[in-house]
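Comments concern the structure below.
The values are calculated or read from the model by the stated rules, or taken from the named source; none is laboratory data. The shown structure was predicted, so the numbers you read here are calculated from the model rather than taken from an experiment. No Cβ is skipped: glycine too gets one built from the backbone with ideal geometry, and neighbour counts run over all protein chains shown. Surface areas here come from the heavy atoms of the whole protein model, side chains and all, with no ligands, DNA or RNA. Shrake-Rupley method; radii C 1.70, N 1.55, O 1.52, S 1.80 Å.
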Amino acid sequence: MSVIKANGAGAAGADFYTYKIGQSLRFNEGDNPYLHRTPDSAGNLKTWTWSCWVKLGKINHWTTLFSSGADSSNKTRLKFDDSNGRLFFDNEASGSSTQRFYTSQFFRDPAAWYNIVLKVDSTQSTNTDRVKIYVNGTQVTSFYQATYPSQNLEYNVNTANPFEIGRQIGGSDYWDGYLAEIVFI
């Protein structure tokens, strides 16, 4: 059972959750909204987890859940792509992607809430264990594109650089929709 379900969050009508999500944040892309934090010092760059409930405001549109890094050429980001509504995760160093994932699954229902969990542990010896994505409690195993990271890759997350929710580092691809219960560990 999901902790979310046990606590009474979620939206009616789906098997994964049965309650309304309360206290969500509404992001309107036209307002250029985002949340920003710059940590005082770096933490673990190899092992971390990000989770959130999302409800899309626009579909088939680049829209960022979170991004972290020094600048637009050195960043880690999780977003939805513009052409298909796929979930997209990558890590860039000096403008080159060190790893990239596009789900085969499409997310095109603006009425649905999705629980997205991204678990990263680049210390794992098996490359397919280094990045795991879950949607509504089920691990995504089918990818349109998957480039797994090298062992012990250091991400642009948990650095002493900006961590932004709702836009890409550099000020683009603003989130449009709802976010709730954002958790970063």
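Roughly what percent of Cα-Cα pairs across region 17-149 reach past 26 Å? All intermediate terms of the calculation are to be shown ahead of the outcome.
Numbers: 2053 of 8778 pairs.
That tail contains 23 percent of the Cα-Cα pairs.
Restricting to Cα pairs below 8 Å that are 6+ residues apart, what does the relative contact order work out to for region 16-141? Please round to a whole percent.
On the way: 203 pairs, mean separation 28.1, N = 126.
Relative contact order of region 16-141: 22 percent.
Non-local amide H neighbours of Arg86 (under 5 Å, H modeled in plane, Pro and chain starts lacking H): which ones?
Asp81, Phe107
For region 156-167, just list the computed ³J(HN,Hα) in residue order, Karplus coefficients 6.51, -1.76 and 1.60, θ = phi - 60°, integers in Hz, with x standing in for Gly and Pro.
Whole-Hz 3J(HN,Hα) from phi for region 156-167: 8, 10, 6, 7, 8, 10, x, 10, 10, 10, x, 7.
Given a 1.4 angstrom probe, I'd like the percentage of the accessible area of the chain that is carbon and sulfur, rounded to a whole number.
Ligands and nucleic acids excluded, carbon and sulfur reach 44 percent.
Compute the length gained on full extension between Asp71 and Thr123: take 0.36 nm times their separation in residues and subtract their Cα-Cα distance, giving the result in nm to one decimal. Please report the intermediate quantities before stating the final value.
Values: separation 52, 0.36 × 52 = 18.72 nm, distance 2.49 nm.
Gain in length upon complete extension: 16.2 nm.
Probe 1.4 Å, all protein chains in place: accessible area of Glu29 in Å², nearest 10?
The accessible area comes out at roughly 40 Å².
Give me the net charge for the shell around Gly30: Cβ to Cβ below 15 angstrom, other residues only, Lys and Arg +1, Asp and Glu -1.
Details: positive: Arg26, Lys58, Arg167; negative: Glu29, Asp31, Asp173, Asp176.
So the surrounding residues net to -1.
Which Rg and Dmax, in Å, describe the Cα atoms of region 117-185?
Over region 117-185's Cα set, Rg and Dmax evaluate to 14.0, 37 Å.
If the chain between Asp82 and Ser94 were fully stretched, how many nm would it gain, using 0.36 nm times the residue separation less the Cα-Cα distance? Before the final figure, lay out the partial values.
Working: separation 12, 0.36 × 12 = 4.32 nm, distance 2.33 nm.
Stretched fully, the Asp82-Ser94 segment lengthens by 2.0 nm.
Largest first, what is the accessible-area ranking of Val131, Val183 with a 1.4 Å probe? Can you show the working numbers first?
Details: Val131 5, Val183 65 Å².
Correct descending sequence by accessible area is Val183, Val131.
Using only DSSP helix segments of four residues or longer, with each worth -39500 (n - 2.57), what per-residue ellipticity at 222 nm results for the chain after dividing by its residue count and rounding to 500? Working shown, then result.
Values: 1 runs with 4 residues, N = 185.
Mean residue ellipticity, 222 nm, calculated: -500 deg cm²/dmol.
For region 40-109 and region 143-185, write down the distance between their C-alpha centroids in whole Å.
Centre-to-centre distance over Cα atoms comes out at 5 Å.
Quote the FRET efficiency, to the nearest 0.05, computed for Asp40 versus Gln145 with a Förster distance R0 of 41 Å and r equal to the Cβ-Cβ distance. Display every interim value, and only then the final one.
Numbers: r = 36 Å, r/R0 = 0.87.
Efficiency at R0 = 41 Å is approximately 0.70.
Find the accessible area per residue for the chain; the probe is 1.4 Å, ligands and nucleic acids are left out, and the unit is Å².
Values: 8650 Å² over 185 residues.
Roughly 47 Å² per residue, with all protein chains present.
Per-residue accessible area for Lys75 at 1.4 Å probe radius, Å² rounded to 10?
Counting only protein heavy atoms, Lys75 exposes about 10 Å² to solvent.
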